[in-house]
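J.: One structure follows; several queries about it will come next.
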Amino acid sequence: QFTTSVVSCRPAELKIDNSGKKEKVKGFNIILKDTILFPEGGGQPDDQGVLNDVPVLRVTRQGADAVHFVTSPLEEGVEVQMKVDWERRFNHMQQHSGQHLITAIADSMFGFKTTSWELGRQRSVIELDTPSMEPGQVEALEKAVNEKIREQVPVSVKVVAVDDPSVEQVRSRGLPEDHTGPIRIIDIEGIDANMCCGTHVSNLSHLQAIKILGTEKGKKNKTNLIFLAGSRVLKYAERSYSVEKALTSLLKTGPEDHVEAVDKLQKSAKVLQKNNLNLLRDLAVLIAQNFKSNPNRGKLFCLHRKDGDSEFMNIIANEIGTEGTLIFLTVGDEKEAGLFLLAGPIEMVDTLGPRVAELLEGKGAGKRGRYQGKANKMGKRPEVEVLLHE
């Protein structure tokens with residue numbers, strides 16, 4: 001917690017991600033005399049928290065200032081009580097210090113330099129300047145970083161002037177163009193000294209553990225190393241156990257047999273799917289032949305079937321023929337969306353196709369006497385049949 005005062009408050013807009021959709025939120029950009037909320041930067045997301053119980057939705061850096069976005073205004077000069085979302089902050093501290101440790105050990109053990117990194121919501125990624133990593137190297141790296149965690153190595157913060165000679169001795173990817181003021185150095189005792197603006201633990205023991213999940217091919221001649229640190233390792237273990245427990249119940253086998261059991265199920269499903277498609281094709285032919293052999297058949301044929309696909313409908317249309325018959329076919333659940341096909345004389349289909357799609361509240365397209373598409377309201381089929389009878 002921290003008490004400070006408001007320097008400025010300006011109307012602003014913020015784009016937020018709401019279930020995958022970008023939404024604009026109107027609010028205010030607040031600059032404070034000082035802050036304990038970290039503005040996003042250096043690969044680390046921003047902190048969250050409250051100002052006088054008003055949620056801070058975003059913190060960004062503008063030069064030497066941290067800008068806090070809130071939805072309610074605060075008067076300039078007024079004193080405010082600030083509180084950081086500590087769970088989020090400590091999570092980010094663990095991931096960021098974990099990145100420094102992995103980066104330093106990967107460099108000292110294998111000469112792999114870190115070119116960038118990203119602290120994600122569930123996992124973090126370090127981009128290493130190497131085309132690939134052997135499984136043995138990944139295993140050795142994970143073992144080495146966890147040994148340093150058990151050794152309880154101190155982590156300290158040093159603040160020095162830009163022209164201080166010690167700046168030349170620390171690891172850095174360069175300063176931002178709009179940087180002002182002194183330089184901040186994160187020192188993992190005896191392991192790494194790195195120029196950094198982010199938040200960090202004060203001892204490697206606070207990382208608890210690091211789990212390297214593996215590597216992926218990155219940009220040209222780069223490798224992405226994926227890792228978890230601290231509380232994320234525990235949550236990952238909890239999620240994995242929950243999934244394992246559920247699979248054990250469903251598959252009726254122990255965890256060691258899950259992969260084999262799923263493989264067998266997939267192969268069986270493919271065989272059943274193939275057999276089902278063959279049966280549907282045969283059924284489509286029989287349905288068409290039954291209609292054609294009926295001496296009292298009319299000029300309109302309508303059919304709905306819950307299970308089926310476009311191929312099923314097209315086989316029926318092909319078998320019946322569309323020169324003298326108007327064919328209306330649908331497949332899918334009557335209470336949900338499905339597929340439709342209208343086939344018959346070209347002029348009739350061209351006229352009626354769009355009207356059928358409209359009645360079914362769907363979309364379609366057609367050519368050469370066939371109009372097919374998606375139906376969103378399958379329950380309106382009777383209305384289509386009335387139209388076609390007319």
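The values are calculated or read from the model by the stated rules, or taken from the named source; none is laboratory data. None of the values given here were measured: they were computed from a predicted structure. Here the Cβ positions follow ideal geometry from the backbone for every residue, glycine too, while neighbour counts run over all protein chains shown. Ligands, DNA and RNA are stripped out before the accessible areas are found, and what is left, the full protein with its side chains, is counted by its heavy atoms. Shrake-Rupley method; radii C 1.70, N 1.55, O 1.52, S 1.80 Å.
J.: Tell me which strands (runs of 3 or more DSSP E) are completely within the stretch 1-85 and hold 3 or more residues being out of contact with any Pro (no Cβ under 6 Å at 6 or more places or on another chain), or say none if there are none.
T.: Output list reads 2-18, 21-32, 49-51, 54-56, 65-70, 79-84.
J.: Among the residues of the stretch 200-216, how many are open to solvent by 10 Å² or more (accessible area, probe 1.4 Å) and assigned to a helix (DSSP H, G or I)?
T.: 2
J.: Every residue in the stretch 293-308 that is open to solvent by 50 Å² or more (accessible area, probe 1.4 Å) and closer than 23 Å to Ala375 by Cα, please.
T.: The answer is Arg305, Lys306, Asp307.
J.: While we're here: For Ile186, all conditions in the list (1) surrounded by 12 or more Cβ atoms within 10 Å (Cβ to Cβ); (2) touching a Pro at 6+ places or on another chain (Cβ under 6 Å) hold save one; what is the number of the exception?
T.: Result: Ile186 passes all but (2).
J.: Looking at Gly379, Gly353, Gly369, Gly362, which is the one that is in contact with an Asp or Glu (Cβ under 7 Å, 6 or more places away or on another chain) and either in contact (Cβ under 8 Å) with a residue 60 or more places away in the chain or among the small types (Gly, Ala, Ser) (or both)?
T.: Gly379
J.: Determine whether the stretch 124-146 contains at least one residue that is open to solvent by 20 Å² or more (accessible area, probe 1.4 Å), more than 29 Å from Ile36 (Cα to Cα) and either over 35 Å from the mean Cα position of the chain (by Cα) or basic (Lys, Arg) (or both).
T.: Yes: the stretch 124-146 contains one or more residues that are open to solvent by 20 Å² or more (accessible area, probe 1.4 Å), more than 29 Å from Ile36 (Cα to Cα) and either over 35 Å from the mean Cα position of the chain (by Cα) or basic (Lys, Arg) (or both).
J.: If you go through the stretch 61-88 one residue at a time, how many are closer than 27 Å to Val201 by Cα and open to solvent by 40 Å² or more (accessible area, probe 1.4 Å)?
T.: The qualifying residues number 10.
J.: So, in the stretch 312-328, of the ones that are more than 17 Å from Val349 (Cα to Cα) and out of contact with any Leu (no Cβ under 8 Å at 6 or more places or on another chain), which residue ends up least open to solvent (accessible area, probe 1.4 Å)?
T.: So, considering only residues that are more than 17 Å from Val349 (Cα to Cα) and out of contact with any Leu (no Cβ under 8 Å at 6 or more places or on another chain), the one least open to solvent (accessible area, probe 1.4 Å) is Ile315.
J.: Please specify each residue of the stretch 86-128 satisfying the condition of being assigned to a loop (DSSP other than H, G, I, E, B) and either under 14 Å from Ile226 (Cα atoms) or among the β-branched types (Val, Ile, Thr) (or both).
T.: Gly120, Arg121, Gln122, Arg123
J.: Turning to a different aspect of this structure: Tell me the residue from Lys274, Lys267 that is modelled with pLDDT of 95 or more and within 41 Å of the chain's Cα centre (by Cα), please.
T.: Lys267
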